[in-house]
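Worksheet: the structure to be examined is printed underneath.
The values are calculated or read from the model by the stated rules, or taken from the named source; none is laboratory data. All of these numbers come straight from a predicted model, not from anything done at the bench. Neighbour counts are summed over all protein chains in view; Cβ atoms, including those assigned to glycine, are modelled from backbone coordinates with ideal geometry. What goes into the accessible areas is simple: the full protein's heavy atoms, side chains included, and nothing from ligands, DNA or RNA. Shrake-Rupley method; radii C 1.70, N 1.55, O 1.52, S 1.80 Å.
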Amino acid sequence: MRLAEFKDHQRELYYFQLRIGIAGAFVLAAFSLLLLRFVYLQIVQYDYYRTKAEDNRISVVPIMPNRGLILDRSGTVLARNYSAYTLEISPGKVTDLEKTINELETIVEIRASDRARFKRLTIEAKGAESLPIRTRLTDEEVAKFAVNRYRFPGVDIQARLFRQYPLNELASHVTGYIGRINERDVDRIEEAGLTANYKGSDHIGKTGLEQSYESELHGFTGYEQVEVDSAGRGVRTLSRTSPTPGNNLVLTLDIRLQQVAEQAFGDNRGALVAVEPATGGILAFVSKPGFDPNLFVDGIDPASWELLNTSLDRPMVNRALAGTYPPGSTFKPYMALAALELGKRAPQQTIYDPGFFQFGNHRFRDSRPGGHGTVDMYKSLVASCDTYYYMLGNDLGIDNIARFIGQFGFGEKTGIDVEGEASGVLPSQEWKRKRFKKPEQQKWYAGETISVGIGQGYNAYTPLQMAQAMAALANNGVMYRPHLVNYIENIRSGERTMVEPKLGRAITLKPENLEFIKRALAGVNTEGTGARAFAKAEYTSAGKTGTAQVIAIKQNEKYDEKRVTERHRDHALFIAFAPLESPKIALAVVVENAGFGARAAAPVARQVLDYYLLGKRVNQPAAVVPGDEGDD
Amino acid sequence: MIRTLWLRFTDKIDPPLFALAFALLLLGLITLTSAAHDTPARISGQAVSILVALAVMWTVAQFQPQTLMRFALPAYALGLALLIAVALFGDVVNGARRWLNLGVTRIQPSEIMKIAMPLMLAWYFHKHEATLRLREYFVASLLLLLPVMLIARQPDLGTALLVTAAGFYVIFLAGLSWKILVGALLAGCASLPFLWSLMHDYQRRRILTLLDPTSDPLGAGYHIIQSVIAVGSGGLAGKGWLKGTQAHLEFLPERSTDFIFAVFSEEFGLIGNCLLLLLYLLLIGRGLAIAANAPTFFARLLAGAVTLTFFTYAFVNMGMVSGILPVVGVPLPLVSFGGTALVTLFLGIGILMSIHRHRKLVQT
């Protein structure tokens with residue numbers, strides 16, 4: 001027994017050693033293969049490769065393409081390039097950065113912010129070959145450095161193209177900005193297989209159109225074959241493949257209208273989106289406050305970055321695209337249309353509004369304390385009666401509301417041609433089930449439908465969605481995908497690629513119902529909550545005011561604008577289109593924490609419409625119109 | 001007194017193995033001095049990594065193989081858990097999800113598998129030594145494939161290859177029958193088209209450019225073209241230290257990491273290459289000898305697999321640089337710049353030393 005076991009072990013060891021032997025033979029064979037390859041390359045083909053290496057004094061230098069311009073619909077330049085000298089350091093070739101910068105300071109001016117920015121860049125753009133310590137050198141500074149250049153190995157002057165946004169803050173959220181390529185961008189470029197095309201590029205679009213249309217704007221990198229001497233310095237150019245410049249973007253945006261709209265906001269925060277109903281082309285796209293995109297081009301200095309990012313006004317957020325707001329009473333026209341289309345209400349059918357709607361033991365208050373008395377559908381819109389819509393919401397039920405109103409694009413991305421869009425929330429039973437985890441939170445309560453009826457509750461939409469829906473209504477239910485770019489222009493061939501208006505969907509609506517709603521909305525601006533803002537307008541228009549609660553008010557408390565701190569004040573909203581018969585423009589305005597829509601948002605819309613339809617320019621912030629505070 | 005202390009300190013260190021590794025490290029530093037002439041920080045960085053790696057080697061060499069065995073399951077489980085974590089919330093660097101951000105530092109869990117895999121499989125076979133049937137080989141293959149698939153999906157073809165090789169060596173040395181071996185090989189070949197369809201674009205490009213590097217001279221083919229020129233132009237005796245034009249005119253990419261062999265080859269020529277091959281051969285020979293004489297099944301399998309992994313590194317790297325294998329991210333062992341690989345490799349050498357020095361203690 002013992003012997004057998006021992007024998008077994010012996011045999012096992014023998015088998016193992018056999019396998020080790022086989023492995024050893026394999027190693028030998030593999031190494032012999034390598035040796036053969038080395039002999040082939042280094043002896044047999046030696047002459048060939050030696051010549052190749054000697055010829056290999058040709059270095060391939062990428063040539064950056066010019067970035068495409070961004071122009072508004074009439075050709076005003078929103079983003080362009082200029083060339084300037086920069087003083088650049090190659091971090092890999094300099095041993096003591098601090099010392100080098102200190103010495104450079106004796107020759108050219110280097111501010112503390114330049115140092116801070118350079119430090120930030122060394123962290124962000126790790127692995128970059130050279131980074132700018134100073135940009136926009138004067139001719140004198142260039143000459144001064146050139147004389148002293150021998151003292152600074154690894155430091156050189158470069159002529160570079162820079163991006164400039166000549167209008168500064170104006171439309172900054174539309175253009176976005178470009179910035180230096182960081183590690184994350186490098187990953188994305190590699191993922192897309194574009195590494196070769198970005199050789200020599202330092203910048204890439206970071207936000208807005210600069211980001212979304214990066215592939216059009218960037219162009220194709222060219223290269224130059226340069227003969228180099230043994231130290232690697234260029235001696236002469238052997239051949240050159242020119243870069244292909246990026247394409248220009250020509251927008252549907254009207255920059256003068258944009259300016260009027262931005263001015264109308266004054267110091268208020270908020271957003272405005274104006275659309276051409278017949279095409280979906282965006283005419284104005286405002287998010288206030290904006291920022292100066294020029295700050296980002298050379299790498300923003302940490303102090304400005306801190307300021308932009310910690311500001312309570314959040315200037316870096318594109319409110320028109322990614323801000324979501326309860327629509328408040330601007331939701332009512334769609335609710336009314338739903339009631340007509342689904343046969344839940346006839347226009348002349350009336351309700352009695354005592355100033356509240358009692359549901360169980362909860363009292364939903366109307367914003368006019370004593371109520372509106374007897375109210376039909378026309379009056380419900382013109383005077384913005386809440387009780388009417390509490391009842392209607394209750395009668396329709398949440399899923400009917402969601403299904404009908406969803407057709408207008410509420411609660412889903414519009415597909416606009418700029419990245420970063422928010423979806424918003426179109427509440428429904430299904431939405432709530434998915435949104436919440438705990439079963440008791442997942443259940444939809446009938447009471448929740450009632451506040452949805454007046455555009456409160458879970459409702460939250462982007463100003464872009466509100467404008468899109470208004471345009472759809474103006475256009476009798478035919479919707480186009482909103483877009484900022486009208487066409488892409490190849491500057492070499494002059495060829496224009498149109499961004500065709502893409503049909504989003506066509507909502508089937510009865511003409512008489514549409515007609516009625518439009519008439520009621522016209523009534524808002526002539527005899528209702530928008531009448532003061534639109535007094536003496538020289539064109540016909542349709543509109544709806546709205547006021548969105550930022551904080552919930554307790555059941556028996558009265559909302560007192562003066563008592564509530566500024567940031568908790570209600571948002572003012574207004575949606576409109578004009579002219580009534582053949583709409584040329586539809587828009588949505590949100591003025592944050594400005595109180596009643598009729599007072600603060602409608603006047604902004606008025607200025608925009610006045611300019612667009614009549615060419616009338618005010619050049620000052622829209623004045624607040626006194627309003628009947630009971631009606632929003 | 002000092003002498004005895006020194007003797008006790010070096011007691012577990014195998015002189016031949018250490019001398020060979022040291023010679024390779026030296027060659028590495030000499031080459032790095034040339035390759036990293038414009039980034040001198042890399043040379044001192046590598047020196048620090050070497051010290052750390054040697055400390056790791058010394059520590060591991062003190063363990064008994066039985067102690068190592070106890071690490072097998074936990075190391076494998078940890079490696080697998082981390083790989084899953086990477087797949088779920090890893091950081092993407094260069095288009096691949098390989099890194100796990102621990103807040104303080106980022107780690108690459110696939111590296112753990114390079115040692116954990118042979119450890120685990122050797123332990124597994126050792127445990128079932130008496131009853132080795134087809135079932136055991138099948139289970140072992142599953143243990144191998146699961147992490148490999150996670151690594152390949154990241155995608156990190158180089159590491160996947162090294163881990164597969166390490167695991168395969170254990171299975172092979174454990175005595176998998178030839179019939180199955182050949183069968184699996186054929187099945188592998190047959191599934192190549194399927195694998196092709198799973199590959200990322202950049203991986204396909206690398207294979208296509210191997211077949212015809214001139215098809216993409218500015219992109220992926222550039223590496224191969226330039227490194228083959230560097231090797232070939234080295235000739236018999238090389239251009240001399242610090243005199244490689246390919247390296248110094250910056251035609252060679254990644255010249256201190258994966259392509260350092262091109263710099264070495266250009267400056268020291270065929271003679272240098274032969275010396276390098278010889279050093280690797282001796283190192284591998286020593287490792288296989290340790291494996292052949294190891295006392296337990298576990299120790300044998302582990303020592304054999306670790307040694308052969310070493311071979312894989314060297315062969316794949318030199319094959320890739322000289323243009324007979326596709327470009328995968330595998331460093332030249334003990335020579336390339338890079339701390340992680342160095343630590344892993346010396347961990348392996350420490351294991352070999354541990355197995356060698358403790359062979360008598362367990363022979364009962």
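What do you reckon, is A:GLY154 on the phi > 0 side of the Ramachandran plot and within 14 Å of chain B (Cβ to nearest Cβ)?
So A:GLY154 passes the test.
Just to check your reading of the model, which residue among A:GLU124, A:GLU141, A:GLU129, A:GLU103 is more than 14 Å from every other protein chain (Cβ to nearest Cβ) and closer than 26 Å to A:GLY205 by Cβ?
A:GLU124
Here is a list: B:GLY329, B:GLY269, B:GLY319, B:GLY285. Which entry is farther than 21 Å from B:THR59 by Cα, open to solvent by 10 Å² or more (accessible area, probe 1.4 Å), of a type in the set (Gly, Ala, Ser) and at the interface with another protein chain (Cβ under 10 Å from one of its Cβ atoms)?
Being farther than 21 Å from B:THR59 by Cα, open to solvent by 10 Å² or more (accessible area, probe 1.4 Å), of a type in the set (Gly, Ala, Ser) and at the interface with another protein chain (Cβ under 10 Å from one of its Cβ atoms) holds for just one of B:GLY329, B:GLY269, B:GLY319, B:GLY285, which is B:GLY285.
What residue, among those in the range A:7-32 that are open to solvent by 90 Å² or more (accessible area, probe 1.4 Å) and more than 7 Å from every other protein chain (Cβ to nearest Cβ), is nearest to the chain's Cα centre (by Cα)?
For the range A:7-32, the residue satisfying everything is A:PHE26.
Can you tell me which of A:ALA30, A:ALA23 is touching a Phe, Trp or Tyr at 6+ places or on another chain (Cβ under 6 Å), of a type in the set (A, V, I, L, M) and under 30 Å from B:GLU129 (Cβ atoms)?
Going through A:ALA30, A:ALA23 in turn, just one is touching a Phe, Trp or Tyr at 6+ places or on another chain (Cβ under 6 Å), of a type in the set (A, V, I, L, M) and under 30 Å from B:GLU129 (Cβ atoms): A:ALA30.
Could you grab me the full set of residues in the range A:136-161 that are in a strand (DSSP E or B) and either of a type outside the set (Val, Ile, Thr) or open to solvent by 20 Å² or more (accessible area, probe 1.4 Å) (or both)?
A:ASP156, A:ILE157, A:GLN158, A:ALA159, A:ARG160, A:LEU161
Identify the residue in the range A:275-301 that is farther than 23 Å from A:HIS483 by Cα and either of a type in the set (A, V, I, L, M, F, W, C) or assigned to a strand (DSSP E or B) (or both) and, among all such residues, is most open to solvent (accessible area, probe 1.4 Å).
Step by step, filter the range A:275-301, then rank; the result is A:LEU295.
Within the range B:299-331, can you find the residues that are in a loop (DSSP other than H, G, I, E, B) and polar (S, T, N, Q)?
Correct list: B:SER322 only.
So, in the range B:247-265, of the ones that are more than 18 Å from B:PRO333 (Cα to Cα) and surrounded by 21 or more Cβ atoms within 10 Å (Cβ to Cβ), which residue ends up nearest to the other protein chains (Cβ to nearest Cβ)?
B:PHE251
Looking for something assigned to a strand (DSSP E or B) and either open to solvent by 20 Å² or more (accessible area, probe 1.4 Å) or at pLDDT below 80 (or both) - is there at least one such residue anywhere in the range A:162-185?
Within the range A:162-185, one or more residues are assigned to a strand (DSSP E or B) and either open to solvent by 20 Å² or more (accessible area, probe 1.4 Å) or at pLDDT below 80 (or both).
Answer yes if at least one residue in the range A:105-123 is open to solvent by 50 Å² or more (accessible area, probe 1.4 Å) and within 27 Å of B:PRO253 (Cβ to Cβ), and no otherwise.
yes
Hey, does the range B:127-147 have a residue that's under 19 Å from B:PRO74 (Cα atoms), of a type in the set (D, E, K, R), away from chain A (no Cβ under 14 Å) and surrounded by 11 or more Cβ atoms within 10 Å (Cβ to Cβ)?
Yes.
Please indicate, with yes or no, whether at least one residue in the range A:43-64 is within 8 Å of chain B (Cβ to nearest Cβ), in a helix (DSSP H, G or I) and more than 21 Å from A:GLU227 (Cα to Cα).
yes
With respect to the numbered conditions (1) buried (at least 16 other Cβ atoms within 10 Å of the Cβ); (2) touching a helix residue (DSSP H, G or I) at 6+ places or on another chain (Cβ under 7 Å), which one is the sole condition not fulfilled by A:GLY193?
Unmet for A:GLY193, out of (1) buried (at least 16 other Cβ atoms within 10 Å of the Cβ); (2) touching a helix residue (DSSP H, G or I) at 6+ places or on another chain (Cβ under 7 Å): (1).
Of all residues in the range A:33-42, how many are aromatic (Phe, Trp, Tyr) and within 7 Å of chain B (Cβ to nearest Cβ)?
1
Give the residue, chosen from B:ALA292, B:ALA299, that is over 19 Å from A:ALA29 (Cα atoms), modelled with pLDDT under 95 and either open to solvent by 10 Å² or more (accessible area, probe 1.4 Å) or facing chain A (nearest Cβ under 9 Å) (or both).
From the options B:ALA292, B:ALA299, the qualifying one is B:ALA292.
Taking the residues in the range B:231-246 that are at the interface with chain A (Cβ under 7 Å from one of its Cβ atoms) and crowded, with 24+ Cβ neighbours inside 10 Å as candidates, determine which candidate is modelled with the lowest pLDDT.
B:GLN246
Could you run through the range A:545-581 and say how many residues are in contact with a helix residue (DSSP H, G or I) (Cβ under 8 Å, 6 or more places away or on another chain) and at pLDDT below 70?
Qualifying residue count, the range A:545-581: 1.
Look through the range B:332-344, keep the residues that are open to solvent by 10 Å² or more (accessible area, probe 1.4 Å) and part of a helix (DSSP H, G or I), and return whichever of them is farthest from the other protein chains (Cβ to nearest Cβ).
Residue satisfying both the conditions and the ranking: B:VAL343.
Is it the case, given these coordinates, that A:VAL260 is touching a residue at least 12 places away in the same chain (Cβ under 8 Å), part of a helix (DSSP H, G or I), within 30 Å of A:VAL604 (Cα to Cα) and of a type in the set (Val, Ile, Thr)?
yes
Evaluate the following for B:ARG97: is it modelled with pLDDT under 85, surrounded by fewer than 21 Cβ atoms within 10 Å (Cβ to Cβ) and within 22 Å of the chain's Cα centre (by Cα)?
Against the criterion (modelled with pLDDT under 85, surrounded by fewer than 21 Cβ atoms within 10 Å (Cβ to Cβ) and within 22 Å of the chain's Cα centre (by Cα)), B:ARG97 qualifies.
Could you please let me know if A:GLN225 is over 18 Å from the mean Cα position of the chain (by Cα) and assigned by TED's automatic domain parsing to the domain that holds A:ASP610?
Here the answer is no, as A:GLN225 does not meet what is asked.
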